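The values are calculated or read from the model by the stated rules, or taken from the named source; none is laboratory data. Note that the structure is a prediction, hence the values are computed from the model and not measured. When we count neighbours, we look across all protein chains shown, and the Cβ atoms used for this are built from the backbone with ideal geometry, even at glycine. We work out accessible area using only protein heavy atoms, side chains counted, and drop any ligands, DNA or RNA first. Shrake-Rupley method; radii C 1.70, N 1.55, O 1.52, S 1.80 Å.
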Amino acid sequence: MIKISVITCTYNAAGVLQRTLDSVMGQGWEHIEHIIVDGASKDGTTEMCERYKTCNGERQTGHVVRIVSEPDRGLYDAMNKGLMLATGDYVVYLNAGDTLPSEDTLENISNYVNERSDGRLPAVLYGDTDIVDGNGEYVRGRRLSPPENLNWKSFRHGMLVCHQAFYARTDIAQAEPYDLRYRLSADVDWCIRVMKRADREGLGLLRLREVVANYLEGGMSRRNHRASLFERFSVMRRHYGLLSTVGMHLWFVLRAVLKK
């Protein structure tokens with residue numbers, strides 16, 4: 001029975017958080033730990049989370065709900081707090097406004113892993129992502145699609161797997177916490193380092209055959225697009241070297257020109 005730790009980081013997110021909470025609570029899979037890390041919100045977010053915890057108990061979902069509400073040093077600091085509290089086999093981030101596509105998403109993932117496990121759980125499970133708007137309505141599929149055979153070198157071509165569709169084995173993830181030197185692209189760096197560790201330990205990565213996350217359009221890096229691009233270049237240079245990174249970025253520019 002695979003246990004999944006879902007981590008939700010929030011700050012003054014009462015306007016979009018409820019559908020995320022409802023999405024996790026609606027999962028039929030019992031082996032879920034939902035960790036909510038709130039940055040001491042002032043808009044009723046904390047009270048919403050407490051009601052959610054009570055409601056889970058009343059409905060006897062079997063889910064474990066943990067809530068932390070205190071000031072933090074930004075999103076990735078909050079993500080690290082949640083990561084270190086996780087006790088599941090896998091950890092996935094589902095932040096305010098993001099949802100799971102169906103009530104059996106986590107059950108399907110768990111069953112799929114069990115069917116294909118050879119005794120060692122894969123280091124990473126990854127799937128597809130749909131983009132939703134502020135009302136939770138479908139906008140489009142994500143432009144970048146996950147490859148059939150993902151590895152740490154794959155991200156030279158961009159972040160091919162959305163952070164919310166990247167399920168990392170908890171022991172691997174906890175050994176590679178988010179690097180707080182990065183303000184906007186620590187998630188890219190984290191995914192690469194998790195996959196590098198998987199490679200060193202001879203662990204596989206498993207492609208999930210479905211949409212596993214609905215991602216709210218307009219995240220932090222989208223709102224700070226220019227700064228995010230510079231920081232992402234720094235991340236890629238660190239992992240792939242300067243020449244390779246420059247070459248790939250020139251290809252990105254050429255491809256964009258050819259598409260016009």
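Placing dummy labels 7 Å off each Cα toward the beta-carbon, the span from Gln174 to Leu160 is 3.0 nm. Length gained on full extension, Arg73 to Asn149: 23.8 nm, using 0.36 nm per residue less the C-alpha separation.
Let me check something: with ligands and nucleic acids excluded, how do Thr54, Thr46, Thr245 order by accessible area (1.4 Å probe), largest to smallest?
Values: Thr54 80, Thr46 35, Thr245 0 Å².
The residues order as Thr54, Thr46, Thr245, largest area first.
Nonpolar atom fraction for segment 39-189, defined as the carbon and sulfur part of the 1.4 Å probe accessible area, stands at 44 percent. If you wrap the Cα atoms of segment 80-209 in a convex hull and average its projected area over all directions, you get 8.5 nm². Among the trypsin sites (Lys or Arg not before Pro) within segment 82-146, those in coil by DSSP and having at most 13 neighbouring Cβ atoms inside 10 Å are Arg120, Arg143. Comparing Cα centroids, segment 146-174 and segment 96-131 end up 13 angstrom apart.
Considering only protein heavy atoms, what per residue accessible area in square angstrom results for the chain with a 1.4 angstrom probe?
Working: 12410 Å² over 260 residues.
It amounts to 48 Å² per residue over the chain.
Computing FRET efficiency as 1/(1 + (r/R0)^6) for Asn12 and Val139, where r is the C-beta to C-beta distance and R0 is 22 Å, gives about 0.40. Counting only DSSP beta bridges with both residues in segment 107-244, the antiparallel share comes to about 45 percent.
Subtracting the Cα-Cα distance of Asp104 and Arg238 from their residue separation scaled by 0.36 nm leaves 44.4 nm.
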